[in-house]
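Just so it is clear, none of the values below were taken in a lab; they were calculated from the coordinates. Keep in mind the model is a prediction, meaning the values are calculated, not measured. A quick note on method: Cβ atoms are made from the backbone with ideal geometry, for glycine too, and the neighbour counts reach across all protein chains shown.
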Amino acid sequence: MNQPLLRLKDVYFRYPESERFVLQGFNFSLSLGERVGIIGPNGEGKTTFLHICVGLLKPNKGDIFFKGRKIKKEKDLLELRRTIGLVFQNPDDQLFSPTILEDVAFGPLNLGLSKEEAKKRALWALELVGLNGMENRITNKLSAGEKRLLSLATIIAMKPQVMLLDEPTTGLAPETRERIICLLNDLPMDLVIVSHDWDFLVRTTNNLYLLKDGQLIKKDMSILHKHKHVHPYGDIPHEHCDVYVI
């Protein structure tokens with residue numbers, strides 16, 4: 001059996017201002033080739049879990065292993081963050097540079113690429129998400145959907161092995177949501193997606209967990225096919241894409 005790329009073992013976490021443990025006795029492992037969907041009520045710790053995965057939050061108790069090695073110090077997170085990228089729930093938390101190109105090139109530059117290499121990588125990622133030709137646009141002037149696509153591009157440009165996504169379809173127009181589904185299905189990356197959008201998870205993941213009472217519960221993917229399938233344009237003929245054309 002392959003060793004998990006990422007493993008959380010018996011993790012407990014609570015915020016300083018709270019007496020309640022958001023995660024308690026929490027266990028999770030991610031192996032190569034997995035695309036994991038996580039559902040659960042608001043306030044159950046889904047975003048907290050993603051932030052712990054990349055070291056933005058530190059557990060009160062428990063261990064994190066990356067490629068079989070225990071994460072002990074901040075320097076141990078460097079390789080992890082090169083391999084696992086997080087797309088925040090709110091794109092404004094991810095975007096901070098004046099222009100689109102600068103935002104996307106920031107990650108590759110931090111990986112040690114030259115300015116020319118970082119620009120080339122950024123332009124490649126922008127074309128992938130459909131924002132090519134917009135590289136000189138001012139970031140804070142973008143629409144919500146454009147910001148979401150840009151936040152994806154900032155992670156894709158770093159070419160991680162795994163991408164974590166926190167509610168990636170919230171507030172999106174149907175066509176932007178569809179673009180993201182097609183994009184994720186065509187990317188050669190493992191995924192961990194937190195979402196309330198069941199149809200989105202059906203089409204992008206192959207394993208499903210429920211986060212409730214501080215722990216993950218494995219669920220049968222078939223439950224996602226039992227919800228009422230509603231489209232914003234009503235009950236009209238439609239097609240779902242299979243691949244994203246690059």
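Within the same chain, lysines fewer than 8 places from Lys119 are excluded, and of the rest, those with a Cα less than 16 Å from its Cα are Lys159.
Taking 0.36 nm per residue of sequence separation and subtracting the Cα-Cα distance, how much length would be gained by fully extending the chain between Gln3 and Leu187, in nm to one decimal?
Working: separation 184, 0.36 × 184 = 66.24 nm, distance 2.26 nm.
Result: 64.0 nm gained on full extension.
Per residue, the average separation of C-alpha pairs within less than 8 Å and at least 6 apart gives the chain a relative contact order of 25 percent.
The phi-based Karplus calculation (6.51 cos²θ - 1.76 cosθ + 1.60; θ = phi - 60°) puts the 3J(HN,Hα) values of segment 72-87 at 10, 10, 4, 5, 5, 7, 4, 5, 4, 6, 6, 9, 10, x, 10, 9 Hz, whole numbers, x for Gly and Pro.
Please list 155-167, 88-100 highest first by mean number of surrounding beta-carbon atoms within 10 Å per residue.
Output ranking for 155-167, 88-100: 155-167, 88-100.
Across segment 187-198, rounded Karplus estimates of 3J(HN,Hα) from the backbone phi angles (6.51 cos²θ - 1.76 cosθ + 1.60, θ = phi - 60°) give 6, x, 10, 7, 10, 10, 10, 8, 6, 8, 8, 4 Hz, Gly and Pro being marked x. How high is the relative contact order of segment 1-113, in percent, counting Cα pairs under 8 Å that sit 6 or more residues apart? With pairs under 8 Å counted, the relative contact order is 26 percent. Available extension along the chain between Glu175 and Arg20 is 51.8 nm, counting 0.36 nm per residue and deducting the alpha carbon span. Under 5 Å from the amide H of Val22 lie the amide H atoms of Phe13, Arg14, Tyr15, each residue being 5 or more positions distant or on a separate chain, with H modelled from the backbone and absent for Pro and chain starts.
Report summary: the helix-based calculation at 222 nm, which adds -39500 (n - 2.57) for every DSSP H run with n ≥ 4 and divides by the residues of the chain, gives -9000 deg cm²/dmol.
In straight-distance terms, cross-link reach from Lys212 covers every one of the aspartates and glutamates whose alpha-carbon lies under 12 Å from its own, apart from those fewer than eight places away in the same chain; here that gives Glu44.
Partners of Lys115 within straight-line reach, counting aspartates and glutamates whose Cα lies under 12 Å from its Cα and excluding those fewer than 8 residues away in the same chain: Glu102. Only lysine pairs 8 or more places apart or on separate chains count here, and in segment 1-113 those with Cα atoms under 19 Å apart total 18.
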